[in-house]
Amino acid sequence: MAEEEMKLFRSWSSPFGMRVVHALKIKGLQYETILEDLSNKSASLLNYNPIHKKIPVFVHNGNPICESLVILEYIDETWTQSPLLPQDPYAKSTARFWAKFGDDKVMPSIWSVFTSQGDAREEAIVQAKTNLEFLEEEIKGKKFFGGEAIGYVDLAFGWMANLIGILEEIIDLKLVDAEKFPFLSAWMSNFYDDPAIKEFWPNRDRMVEKFKAMRELHLNKVA
Amino acid sequence: MASDEVKLLGAWPSPYVLRARIALNIKRVNYEFLEEKFGTKSDLLLKSNPVHKKIPVLIHGENPIAESLIIVQYIDEFWASGPQILPSDPYNRAVARFWAAYIDDKWYPNARAILMADEGEAKKAALQGAIEGLNLLEDAFLKCSNGGKFFGGDKIGYLDIALGGFLGWIRVIERMGDVTLIGNCPNLLKWGENFAGDDSVKDVLPETEKLFEVAKFIVAKTKASAKH
């Protein structure tokens, strides 16, 4: 029987790396973690991901897979226990749609709110809330986006469960308030506390420090 | 469900719509092509893609599917008995998905900027980026094709469709921008010819001349609105 060699290159805080960590936990897989210092990337990382030079990279028996959502699909197709994506082609396409919406629209719109000021921030808030309303509609009546169990879409949006609260604290602004977004708020709570997820959250104080610094840097660049 | 109606909301110049049409052709699926009028969005489009309000949208029975690469994968998975579009091996699938995402997220924005950017540094940078990207895709082609005519090997696959959707636009950009893109990549150049001539492509690939006219109009319009 061949030894399954699995490595995950990631950083301590990246939500994209965290998606893969969560997926591997759900699948019950053992692997080696290489924590990268993104200001000083390892030769291995640059060798495995020469195009983007980014984490996460998942290496399986010497084969590197890059881009977190591509990695998730690879993991789901290779190890079929605890499926992340539904079997039905239409349900699968819907899951892929929401995950892409998350990365292309939701994440940038939240980031815009976090890094802007004044009128620009007001505009950014409108856009972000429009996006959040779509998510609220999608999660309505479900415990997880995947139904009863955490799935691909939950993992794609997992970053919201810990990061939204941190960003809100730093700028003293509530974006996902429980009154306007009851289902989304409940989902964030359920996901955050899930036993497969909870043990991996990065240190909160360290995250606050990091994101405060990122915001400063961004505001100074624009000024 | 297999006998349910298939409709595709689209527009003939769109590279994204072209991807969906090629995939449907590969699977020999009969569908109704509903052409959106340029500059307007039909009620059906707004209803079936309320999030993005964009084409293409595949409507299969009651089910709308949006985002071209998601549509292509849906077509591959629903009509599973037809010729396979994605490779069967998970690692090769991951490689194909990686490059398709690269084309959409990194490569095409650069190529498009060649036309939209003003002359000077911005245009130079866009051109440089687009050329480097094509060189990477030329390498990827050699690795994926395994000696075959296509990224998918002997027949058109996912990555062929992903890049092939842009083939007409690549030719338009070369002509309008007075630059050489695919012309400097011998394998991709040959690939382009094979792709264009394939049965599932040749009847739906827009004529470069017609695309050129549309491009002139779009570029002028985009540049004009950018100035306001």
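The values are calculated or read from the model by the stated rules, or taken from the named source; none is laboratory data. Here the structure is a predicted model, which is why all the values come from computation and not from measurement. Because the Cβ atoms are built from the backbone with ideal geometry, glycine has one as well, and the counts that use them run over all protein chains shown. For accessibility, only protein heavy atoms count, side chains too; no ligands or nucleic acids. Shrake-Rupley method; radii C 1.70, N 1.55, O 1.52, S 1.80 Å.
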Qualifying residue in region B:167-176 (condition: over 20 Å from the mean Cα position of the chain (by Cα) and farther than 30 Å from A:ASP88 by Cα):
no
Hey, could you check region B:191-209 for residues that are exposed (fewer than 13 other Cβ atoms within 10 Å of the Cβ) and assigned to a helix (DSSP H, G or I) and say which is modelled with the lowest pLDDT?
B:GLU209
When you look at B:ILE161, is it in contact (Cβ under 8 Å) with a residue 40 or more places away in the chain and of a type in the set (A, V, I, L, M, F, W, C), yes or no?
yes
Go through (1) in contact with a helix residue (DSSP H, G or I) (Cβ under 9 Å, 6 or more places away or on another chain); (2) part of a helix (DSSP H, G or I) one by one and return the number of the condition B:VAL179 breaks.
(2)
B:ALA226 passes all but one of (1) exposed (fewer than 11 other Cβ atoms within 10 Å of the Cβ); (2) of a type outside the set (Val, Ile, Thr); (3) not in a helix (DSSP H, G or I); which number fails?
(3)
Requiring at least 2 residues that are at pLDDT below 95 and surrounded by fewer than 17 Cβ atoms within 10 Å (Cβ to Cβ), the helices (runs of 4 or more DSSP H) wholly within region B:97-167 are B:108-116, B:121-145
Restricting region B:53-65 to residues that are at the interface with chain A (Cβ under 10 Å from one of its Cβ atoms) and under 21 Å from the mean Cα position of the chain (by Cα), the one surrounded by the most Cβ atoms within 10 Å (Cβ to Cβ) turns out to be B:LEU58
Conditions (1) over 30 Å from A:GLU209 (Cα atoms); (2) open to solvent by 20 Å² or more (accessible area, probe 1.4 Å); (3) within 14 Å of another protein chain (Cβ to nearest Cβ) -> A:LYS53 fails only (1)
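On the basis of being assigned to a loop (DSSP other than H, G, I, E, B) and either under 15 Å from the mean Cα position of the chain (by Cα) or of a type in the set (Phe, Trp, Tyr) (or both), does A:TRP98 make the cut?
No: the conditions fail for A:TRP98.
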All positions within region A:76-95 that are under 17 Å from the mean Cα position of the chain (by Cα) and buried (at least 23 other Cβ atoms within 10 Å of the Cβ):
A:LEU84
Does any residue of region A:5-16 turn out to be of a type in the set (A, V, I, L, M), touching a residue at least 24 places away in the same chain (Cβ under 8 Å) and more than 30 Å from A:PRO89 (Cβ to Cβ)?
no
Of the residues B:PRO87, B:PRO50, B:PRO83, which is away from every other protein chain (no Cβ under 12 Å) and not in a helix (DSSP H, G or I)?
B:PRO83
